[in-house]
Amino acid sequence: GKGCNMDHGCNTDLFRVPDQVEDSMAHLVHSLTDPATTVRWSAAKGIGRVTERLPAICADDVLDAIIELTLDNENDNAWHGACLSIAELARRGLLLPKRLGEVVPIVVRA
């Protein structure tokens, strides 16, 4: 789906992410840009919950989709949603140490 491209490492012969999960994750990532704070917060929580149940390699793909939201410097809602999601992934231990160097500057810039 758009926004959450889990085709890279997640859909291998060993593990296939069902289309419904991929579509749901894409919807959650899109919801991180919603004007309502409660929607962004709920989407971030949902992303954390779903990501927790996926193989670790999929967390990288999810994080890529979240980071993409920060490319638009004018969209405060997207930035807020991205930061909420990053915090949720970190809280659940889903941010791999190799990605911290990429994520910390984004949070600091926010």
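The values are calculated or read from the model by the stated rules, or taken from the named source; none is laboratory data. Since the model is a prediction, treat every value here as computed from it, not as a measurement. Note that each Cβ is placed from the backbone with ideal geometry, even for glycine, and that neighbours are counted across all protein chains shown. These accessible areas exclude ligands, DNA and RNA; they are computed on the full protein's heavy atoms, side chains included. Shrake-Rupley method; radii C 1.70, N 1.55, O 1.52, S 1.80 Å.
Residue check: residue 73 meets all listed conditions (1) part of a helix (DSSP H, G or I); (2) among the polar types (S, T, N, Q); (3) touching a helix residue (DSSP H, G or I) at 6+ places or on another chain (Cβ under 9 Å) but one, namely (1). Here is the figure for the stretch 53-95: residues that are touching an Asp or Glu at 6+ places or on another chain (Cβ under 7 Å) and either more than 19 Å from residue 31 (Cα to Cα) or open to solvent by 40 Å² or more (accessible area, probe 1.4 Å) (or both) total 3.
The residue pairs whose first member lies in the stretch 74-101 and is aliphatic (A, V, I, L, M), whose second member is surrounded by 14 or more Cβ atoms within 10 Å (Cβ to Cβ) and outside any helix (DSSP H, G or I), and whose beta carbons are closer than 7 Å, counting only pairs six or more residues apart or on different chains, are 78/32; 78/33; 82/32; 89/95. I need a count of the residues in the stretch 13-51 that are open to solvent by less than 100 Å² (accessible area, probe 1.4 Å), in a helix (DSSP H, G or I) and farther than 23 Å from residue 83 by Cβ. Count: 4.
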